[in-house]
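So the structure is just underneath, and the comments pick up after that.
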Amino acid sequence: IRGFSKYLLEKGKQVKEETREEFLTTIKTVSGNMLELISNLLDVSEIESGQLKLKPEISSMQKLVEEKIHLQQILADKKDISIHAEFEDVAEFSFDANRMGQVVDNLLSNAVKYSPLGKNIYVKLSCEENKVKLSVRDEGPGISHEERGKLFQHFQKLSARPTGGESSSGLGLAIAQRIVEEHGGSIGVESEPGQGSNFHCELPDVRNPA
C-alpha cells in the first residue's frame, strides 16, 4: 500500500490510466485483507481473554442467512457459482445476530473461496428437536481426515487454496466455533477428498433472551 501509493503520488499524471487502475485495485484489495485480519485478531484477543459477550435478542435466522447469501452471491457470480437455499419453517429465537452473522459469513465465504468455477453451493436451514440447524455444502476439493483436525485451530491453512486468489487468515473457523459454542451450540464438518465439504452448526432454539 505504501509503495504503490507513494509511486502514484510521485509520478502523478505520468502514470498511465491502466497502471493507475491496477495499482488502486491492488491497494483496495490489500487494505481490505488487512482490515479483515485486524478484525479477526481483535476477535481472537477478545475470545482468549474471556471477554466475548453475546447480546442475544429474538431474531430471524432465516432473514440473517438470506441477507448473507445475497452479499456472497455477488462474489459467487464472478466465479459462476450458484447458491441454492432451502428454508424450513424456523420460528424466531434468541441469538446474537451480529456474532452469528460472522459465522454465516465465514461458512458462505469459505464455500465460495474454495469452490471451482461453475459449481454449486447448497444452504439449508431447519429446526429439529429444539435445535436450529444450518448447513453449507459445497462442491469443492474436500478435506482429508488429517486436515479436518486442524480446521478450527488458529492460523491453520490447509493444502486446498482459494480458487480465485482470495485471501485467508486461517482464523475465521476458529472464531466461528467459539461464537457458536458461546451460544451453547456446536459446529462441525463432513468431508472427503474430492467430494466437497458440508459445514454445519446447531444452536439451541431459545425463545427467551438470556
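The values are calculated or read from the model by the stated rules, or taken from the named source; none is laboratory data. Since the model is a prediction, treat every value here as computed from it, not as a measurement. Quick reminder, even Gly has a Cβ in these numbers, built from the backbone with ideal geometry, and neighbours come from all protein chains shown. For accessibility, only protein heavy atoms count, side chains too; no ligands or nucleic acids. Shrake-Rupley method; radii C 1.70, N 1.55, O 1.52, S 1.80 Å.
For segment 17-76, with every protein chain kept in place, what is the accessible area per residue (1.4 Å probe, Å²)?
68 Å²
Among Thr29, Ala76, Ser39, pick out the residue whose Cα is farthest towards the positive end of the charge dipole of segment 1-95, where Lys and Arg carry +1 and Asp and Glu carry -1 on C-beta, about the Cα centre.
Among Thr29, Ala76, Ser39, the one farthest towards the positive end of the dipole of segment 1-95 is Thr29.
Evaluate the distance, in nm, between pseudo-label points positioned 7 Å from the Cα of Ile74 and of Val30 along their respective Cα→Cβ axes.
Going by the 7 Å Cα→Cβ label model, 2.4 nm.
Past 20 Å, Cα to Cα, is the threshold; run Lys68/Lys124; Lys28/Lys63; Lys53/Lys131; Lys113/Lys150; Lys63/Lys150 against it and keep the listed order.
Among Lys68/Lys124; Lys28/Lys63; Lys53/Lys131; Lys113/Lys150; Lys63/Lys150, the Cα-Cα distance tops 20 Å for Lys28/Lys63; Lys53/Lys131; Lys63/Lys150.
First select every other residue whose beta carbon is under 12 angstrom from the beta carbon of Val132; then total the charges, Lys and Arg +1, Asp and Glu -1.
Combined, the nearby Lys, Arg, Asp and Glu give -3.
What is the antiparallel percent of DSSP beta bridges lying wholly in the chain, to the nearest 5?
Counting DSSP beta bridges with both partners in the chain, the antiparallel share is about 80 percent.
How big is the charge dipole of the chain about its Cα centre, in debye rounded to the nearest 20, if each Lys and Arg gets +1 on its Cβ and each Asp and Glu gets -1 on its Cβ?
Here the size comes out at about 940 debye.
If you line up the long axis of helix 17-48 against the longest principal axis of the chain, both from Cα atoms, how many degrees apart are they, to the nearest 10?
Here the helix axis deviates by roughly 40 degrees.
For the chain, which whole-number percentage of the solvent-accessible area (1.4 Å probe, protein heavy atoms only) is attributable to carbon and sulfur atoms?
49 percent
Residue by residue through segment 103-113, what is 3J(HN,Hα) from phi via Karplus (6.51 cos²θ - 1.76 cosθ + 1.60, θ = phi - 60°)? Round to whole Hz and write x for glycine and proline.
Values, residue by residue: 5, 4, 4, 5, 5, 5, 5, 5, 4, 5, 4 Hz.
Measure nothing fancy, just the Cα-based angle from helix 172-182's long axis to the longest principal axis of the chain, in degrees from 0 to 90, nearest 10.
The answer is roughly 30 degrees.
Along its three principal axes, how long is the chain when you only count alpha carbons? Whole Å, largest extent first please.
Per principal axis, max minus min of the Cα coordinates gives 66, 39, 33 Å.
Using each residue's phi in segment 184-191, evaluate 6.51 cos²θ - 1.76 cosθ + 1.60 at θ = phi - 60° and report the 3J(HN,Hα) Karplus result to the nearest Hz, with x for Gly and Pro.
x, x, 9, 9, x, 8, 10, 7
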